[in-house]
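This report refers to the structure that appears directly beneath it.
The values are calculated or read from the model by the stated rules, or taken from the named source; none is laboratory data. Fair warning: this is a prediction, and the values are worked out from it, not measured in the lab. FYI the Cβ positions are ideal-geometry reconstructions off the backbone, even for glycines, and counts take in every protein chain you see.
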Amino acid sequence: MAESAQERKLPVDDKIHTWPHLVRMEFLVALFVLIGLTIWSLTIDAPLEEPANPTKTPNPSKAPWYFLGLQEMLVYFDPWHAGVVLPTLIIVGLVVIPFIDTNPKGNGYYCFKDRKWEILTFIFGFHILWVVTIIIGTFFRGPGWNLFWPWQFWDTHKVVALTNVDLPYLLGIRSYWVAAAFGLFAIGAYFIGWMGFFYWFVLKVKGKDFLERWGMVRFNITGVILAVMMSLPAKMFLRLAFNVKYILVTPWINI
Amino acid sequence: MSPLEKIKNDIVESQVWKAIFRHGYDDTPRNRVMMVTSNVFLHLHPAKVRRHAVRMRFTWCMGGLTFLMFLMTAITGIYLMFYYRPVAEYAYADMKYLEFDMPFGMLMRNMHRWAAHAMIVFVWLHMFRVFLTGSYKPPREFNWIVGVLLLVLTLLLSFTGYLLPWDQLAIWAVTVGSNMARASPLLGYEGPFAEFVGVNPIYDARAFLFGGGEIGPHTLLRFYILHCIFIPLVASILMAVHFWRIRRDGFSGPSL
Ligand code: HEM
């Protein structure tokens, strides 16, 4: 608003007084929300369980609900990856959004058409990956972090066959070092393949001019962040369809 | 002039009254501006705003409500702090005491808890709205970054508070949440490459967070200070920056 208002003369003065128009709105909304909060607090008590007992681990132990997406990722990736690397990249990914999205349209108003891919990507990351994993973690995970229906009895002795195997093993590779090399190759291929696909996609959807204006730095940052984001559904798919545990197995890290 | 009006007049014209209130309540454009600019709280707003910015369907009120929830947790939190001791022997008993013996104790605790949860939901929705209106685009890139930091702080505020009741839910949820730190590459003793760095269970990222190798009384004190002092302080400063930048950069809207 600031620039455009200064650059051009305002054709119409669409400004209204903060008092009473905005203040009135804020007051009313605050009032309603506080009434709602009070009713909620009068009817539902905050939980308080038995006193802390470090020798008695509950099964399942769940993180606070807003972190259950991260805990759910532990099913598919090791803790250093799901708990440290991916959260960091989520934050980095959010921070870079204003710098990789150079589309001048849709600044200050709702519009879907001009920013279709940006919005779809955000919704995929936020609503599908983040919110849905939280819902799964909250309502569909029971003892042993096994899947249960919300209405199903939490059987602590439920036996789930551990049939997961590593991808190289699945493909018949038995030698340790060949398997590691293959894993490295598979992950490298994933990234390179993704970047190639992304290049083709941007070229097709946005055109060559756009790509030149956008620049290699933005293209690469966006591509890598998206590749990491898509690695979660990719791994989910491999796990659910083929029981794949790890793709890369080394003495130091497994992915 | 009736006696009542005269009394009113005497009060309103008195030096004391005028020292406090700079203007009357007449509905004039000048007064409307004064209402906002002469009030320290209201003057966070500009004196005039564009029409679309007032509409609920533009902002969903989410930024403001996030702030409201923050204020509610601060107010109810102070009440709770009067009765709560962050010491392992007392913490749980104090919670029970607060729930059953303190006037409005349970209500304050509930409001604190639910407002914190609401704040998280609201801040997510706020971010989503800012994304949908493209309000992070120039010149507001920096405020988006401040927002992301606020988002992280909001989650950490809730997380550190989760431990304080010192019940089973608290310590195990925080244990699960903090085990990540143990797995940090290089910095955690169960993380990749730990053996090259020389971290161990009592000297790694999680031990730093916990104040020891295991979750315990030291962790409780640490989380209490983070929860009640450190993170709220940093968040308040960032909110001040956030609000100031909204004024500086101008509120987003369609160009005229
Ligand atoms: C504690 C957390 C936060 C508080 C209290 C807060 C508060 C606010 C308020 C009151 C506004 C005014 C407009 C509105 O209500 O929508 C606003 C605007 C804004 N917020 Fe936040 N916010 C927070 C977190 C965030 C986050 C997580 C982001 C993004 C990642 C963000 C980015 C922005 C931006 C870019 C604007 C300017 C919007 C515009 O000009 O249209 N904020 N914030």
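Quick notes on this structure:
- Taking every residue in the stretch B:139-158 that is within 11 Å of B:V234 (Cα to Cα) and pairing it with any residue that is within 6 Å of the ligand (Cβ to nearest atom), at least 6 positions away or on another chain, the pairs with Cβ-Cβ distances below 6 Å are B:T154/B:V123.
- In the stretch B:157-213, the residues that are on the phi > 0 side of the Ramachandran plot and in contact with a strand residue (DSSP E or B) (Cβ under 8 Å, 6 or more places away or on another chain): B:W166
- Some residue of the stretch B:82-91 being among the acidic types (D, E) and either at pLDDT below 90 or outside any helix (DSSP H, G or I) (or both): no
- Complete set of residues in the stretch A:29-49 that are over 22 Å from B:C61 (Cα atoms) and not β-branched (V, I, T): A:L42, A:D45, A:A46, A:P47, A:L48, A:E49
- Residue match in the stretch B:35-57 (condition: part of a helix (DSSP H, G or I), surrounded by fewer than 20 Cβ atoms within 10 Å (Cβ to Cβ), in contact (Cβ under 8 Å) with a residue 24 or more places away in the chain and away from every other protein chain (no Cβ under 11 Å)): no
- Residue in the stretch B:92-99 that is among the small types (G, A, S) and within 16 Å of the ligand (Cβ to nearest atom) present: no
- The listed residue being away from every other protein chain (no Cβ under 14 Å) and either within 25 Å of the chain's Cα centre (by Cα) or under 28 Å from A:V244 (Cα atoms) (or both), out of A:F122, A:F126, A:F99, A:F191: A:F191
- Residue count for the stretch A:41-70, restricted to those that are surrounded by fewer than 16 Cβ atoms within 10 Å (Cβ to Cβ), touching a helix residue (DSSP H, G or I) at 6+ places or on another chain (Cβ under 8 Å) and part of a helix (DSSP H, G or I): 1.
- Selection from the stretch B:225-256 of residues that are buried (at least 16 other Cβ atoms within 10 Å of the Cβ) and in contact with a Ser or Thr (Cβ under 8 Å, 6 or more places away or on another chain): B:L226, B:H227, B:I231, B:A235, B:S252
- For the stretch B:126-171, filtered to residues that are within 7 Å of chain A (Cβ to nearest Cβ) and in contact with a Gly (Cβ under 7 Å, 6 or more places away or on another chain), the residue that is nearest to the ligand (Cβ to nearest atom) is B:S135.
- Close Cβ contacts (under 7 Å, 6 or more residues apart or on different chains) running from residues in the stretch A:53-66 that are more than 7 Å from chain B (Cβ to nearest Cβ) to residues that are exposed (fewer than 12 other Cβ atoms within 10 Å of the Cβ) and outside any helix (DSSP H, G or I) comprise A:N59/A:T156.
- Filtered residues of the stretch A:186-244 (kept if in contact (Cβ under 8 Å) with a residue 12 or more places away in the chain, out of contact with any helix residue (DSSP H, G or I) (no Cβ under 8 Å at 6 or more places or on another chain) and under 23 Å from A:P87 (Cα atoms)): A:I187, A:K235, A:M236, A:R239
So that you can scan it fast, the table gives a plain yes or no per residue for (1) within 11 Å of the ligand (Cβ to nearest atom); (2) free of Cβ contacts under 8 Å to residues at least 24 places away in the same chain; (3) over 29 Å from B:T133 (Cα atoms):
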site	(1), (2), (3)
B:G212	no, yes, yes
B:G216	no, no, yes
B:Y224	no, no, yes
B:H227	no, no, yes
B:S236	yes, yes, no
B:R247	yes, no, no
B:G253	yes, no, no
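- Considering only residues in the stretch B:100-117 that are outside any loop (DSSP other than H, G, I, E, B) and more than 7 Å from chain A (Cβ to nearest Cβ), the one that is farthest from the ligand (Cβ to nearest atom) turns out to be B:F100.
So that you can scan it fast, the table gives a plain yes or no per residue for (1) surrounded by 13 or more Cβ atoms within 10 Å (Cβ to Cβ); (2) under 30 Å from A:I100 (Cα atoms):
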residue	(1), (2)
A:R174	no, no
A:A186	yes, yes
A:A189	no, yes
A:M216	no, yes
A:G223	yes, yes
A:M236	yes, yes
A:A241	no, no
A:V249	yes, no
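- Flag for B:V121 being within 24 Å of A:F122 (Cβ to Cβ), more than 8 Å from chain A (Cβ to nearest Cβ) and β-branched (V, I, T): yes
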